[in-house]
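*Asks:* This is the structure, below, for whatever I ask next.
Read-outs: derived from the displayed coordinates by stated rules, not from any lab. Predicted, not measured: the structure shown is a model, and the values here were computed from it. Counting neighbours? That spans all protein chains shown, and the Cβs are built from the backbone with ideal geometry, glycine included.
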Amino acid sequence: MLSALGKTSTEKPCNTIDTLVGAKTELKGDIVFSGGLRVDGKVRGNITAKGDGNSTLVLSEHAAVTGNVTVPHIITNGSIKGNVRAAERIELQSKAEIFGDLYYKVIEMALGAVVNGNLVREAVETGRDSTNKGTVTRLKSAGENGSDAED
């Protein structure tokens, strides 16, 4: 699962789990970590990675986070109620649910994953001066009429 993340020479994701929040655990409060964090239980608070840019958060299908998440590499199959900022890459597996805005550089989304909020792609630095920090992608719901097609 961790090998599925795209690797660059400077930003490799952490491939070990240093901290585990177990399935029967409910944690209230903010979490600040470095390395690898796996959540199988419930967290009420913000989750933030500090230090080097290779920290990885893994949320199992039973995980539920209520709070903002700011981690470079995220693999989720659980629920997040809050804004998510993945500075490098996010992988949304089939049971993933995000209720809030999602900021990302690279996204992988499986069939069945849900994002109820804005998708904002962070600009990739290519050596040139970029004044646009991100682009908001507004998606139409399945019931909206596609009347803006070109002739």
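*Asks:* Taking amide hydrogens as modeled 1.01 Å from N in the peptide plane, which residues meet the under 5 Å criterion relative to GLY100, leaving out close sequence neighbours?
*Replies:* GLY82, ASN116, GLY117
*Asks:* Mind scanning LYS50/LYS105; LYS42/LYS105; LYS24/LYS50; LYS24/LYS81 and naming the pairs with a C-alpha gap bigger than 22 Å?
*Replies:* As for pairs spanning more than 22 Å Cα to Cα, those are LYS42/LYS105; LYS24/LYS50.
*Asks:* Note down the net charge around GLY29, summing +1 for each Lys or Arg and -1 for each Asp or Glu among other residues with Cβ under 13 Å from its Cβ.
*Replies:* With Lys, Arg at +1 and Asp, Glu at -1, the neighbours total +1.
*Asks:* What do you get for Rg/Rh over the range 10-90 if you use C-alpha atoms and the Kirkwood form of Rh?
*Replies:* My calculation of the ratio gives 0.92.
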